[in-house]
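First comes the structure, then the notes that go with it.
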Amino acid sequence: MAKIIMPAAAMTAAVQIDNLTIAYDRHPAVHHVSGSFAAGSLTAIVGPNGAGKSSLLKALAGLIQPAEGQVRHAAPGRLAYLPQAAEIDRDFPISVIDLVRMGHWRRVGVFGRIDRAMRDAADAALHAVGLDGFGPRPIGTLSVGQFQRALFARLMLQDAQVILLDEPFAAVDERTTADLLGLVARWHQEGRTVIAVLHDIEQVRRHFPETVLMARHVLAWGPSAEALRPELLQQAGALAGAWHAHAPVCAVPLGT
Amino acid sequence: MMDLYALVLAPFADFAFMRRALIACLALSLGCGPVGVLLVLRRMSLMGDAMAHSVLPGAAVGFLVAGLSIWAMSLGGLIAGLAVALLSGFVSRTTSLREDASFAGFYLISLSLGVLIVSTRGSNVDLLHVLFGSILAVDDASLMLVAGIASASLAALAVIWRPLIIECVDPGFMRAVGGVGGAVHATFLMLVVLNLVAGFQALGTLMAVGLMMLPAAAVRFWARELGGMIALAIAMAFGSGLLGLLLSFHFDLPSGPAIVLTAGGFYLLSIIFGRHGGLIRHVFPARHLEA
């Protein structure tokens, strides 16, 4: 049933997924998913609510333990993850620039000094997301869109090879979305692998060359035009809702 | 002029125990200020109270084993407090139970264990005295302990400051970059326990938490930046110590409650007159700006 179209060119994989199953209370949210994200690819993960998109992304970020299968990274340390609703305490008295400078963590660690070049890089990142002059302000004073811009500035400093975005444009206006999409395109040009969970199908068609369409299983994985065909989207919508309190144990043998 | 001298300076000039008490207050303020502010910012204000209760059985066991020895009781309290802090931290990070719930669970176990130990060995006036503390009985040994703990806390905070702040603001980021969030959180909880143990000789286990939390809660009304909050919390805690000691001296009141009630007074004044979100500002807001 799963229609899997692998990326055309057999490039080196930045992230490889083998038979991944993620379960909550034994009920699978992601069920036997395999595939690979080519290095430098720009991929959208699409599917109805409850399709396991966020769970898949968390597993890619190494934040949840899969029930079965595994995720392999070509460069394990060079990963950045922006969660859907970041658990950021926006009342905390910290300035925007300090939030952005957190992106230097991998380089400075606990004791490293944030030198002149790093401060300049942070200022440049603020400029790139259109937040010039916002540096000294407390993070609590930013609007939702401005705050998302600041988080993108932090992502820029993280200088990651693989960037995972979970619904980065939810609750953000059109102009902000356009600006942030520009940054995503820039990361793509720089050869980084970007994987984003998205809802806006038109946006995916326009800006994301690859798509994973899922409803717990992968329904399609390949060029967006192929993967987002109406009949596949309809299929995805029909599948996701199924949840049974007394579902039988999965029949797929272990290790396949 | 003479009156002011008799009121404020004479008690400290004339009595060594008052001087020691004042120094103990200063050391306690230096340690409790930053720890309290961070607890409030992390929305763990009630955690200090839970920790203060969980120190109790350890202190009681220390007393039963070695009598009125500050070291034995502090060590006992430290062990009990750390056990509760680390166990609840561990449980909340590895199971689905949230941190507040797991803390409540473990501190109640610890507290009831303490009550059990105290009551089976017969109630003891000395022990009660110690549980509610007496800053006027601070001797050289306990002064060393309090000062040592304050120094160690400040040094430890300096070491873990950056990851601690990141962990406070955005724990998800810390986890995603494979950071040391768990270790930093555990170290911070240890500092909370250490400072409560430092306070219990002077103020008693149950009063010590007052000097930690009341100034920390009050400073949110005055300062917007973390550095300012911490400096103000230290100043307010020390001011409460100074005023509370004088009140206790002149009116013959127990020192612990006098100090904590003074801190409580500062807290209430802050709620009413506070510059950022105080009651008066709430009722008579300044007119909005143009942009």
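So the values come out like this:
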{"item": "Inter-part distance where the stretch A:106-154 and the stretch B:15-75 are each reduced to a Cα centre, Å", "result": "39 Å"}
{"item": "Surface per residue (accessible, 1.4 Å probe) for the stretch B:2-203, Å²", "result": "42 Å²"}
{"item": "Ranked order, B:TRP71, A:TRP105, B:TRP161, A:TRP221 - accessible area, probe 1.4 Å, largest first", "result": "B:TRP71, B:TRP161, A:TRP105, A:TRP221"}
{"item": "Efficiency of FRET from Cβ geometry, A:GLN16 and B:ALA183, R₀ 25 Å, rounded to 0.05", "result": "0.25"}
{"item": "Residues losing 40 Å² or more accessible surface upon assembly, the stretch A:91-117, compared with the chain by itself, 1.4 Å", "result": "A:ASP91, A:PHE92, A:PRO93, A:MET102, A:TRP105, A:VAL110"}
{"item": "Inter-chain Cβ neighbour average for residues B:160-172, partner chain, 10 Å", "result": "5"}
{"item": "Two-site FRET efficiency, A:GLN189 against A:ALA85, from Cβ-Cβ distance with R₀ of 25 Å, rounded to 0.05", "result": "0.30"}
{"item": "Full-extension gain in nm, B:LEU268 to B:TRP71, via 0.36 nm per residue minus C-alpha separation", "result": "67.4 nm"}
{"item": "Surface accessible to a 1.4 Å probe, B:ILE166 within the full protein complex, Å²", "result": "10 Å²"}
{"item": "Distance (nanometres) between label positions extended 7 Å along Cα→Cβ at B:ARG275 and B:SER112", "result": "4.8 nm"}
{"item": "Summed residue charge, Cβ within 11 Å of B:GLY277's Cβ, Lys/Arg positive, Asp/Glu negative", "result": "+4"}
{"item": "Buried accessible area, chains A and B (both chains, 1.4 Å probe, Å² to nearest 100)", "result": "2000 Å²"}
{"item": "Computed over chain B: relative contact order in percent, which uses C-alpha pairs under 8 Å that are six or more apart", "result": "25 percent"}
{"item": "Estimated inter-spin distance, A:LEU254 and B:ARG19, nm [label 7 Å along Cα→Cβ]", "result": "7.3 nm"}
{"item": "Accessible-area value, B:HIS185, 1.4 Å probe, nucleic acids and ligands omitted, Å²", "result": "10 Å²"}
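The values are calculated or read from the model by the stated rules, or taken from the named source; none is laboratory data. All figures in this text were calculated on a predicted structure; none of them were measured in a lab. Cβ sites come from the backbone with ideal geometry, for glycine too, and all protein chains shown count toward neighbours. Just so you know, the surface numbers come from the protein's heavy atoms only, side chains and all, with ligands and any DNA or RNA stripped out. Shrake-Rupley method; radii C 1.70, N 1.55, O 1.52, S 1.80 Å.
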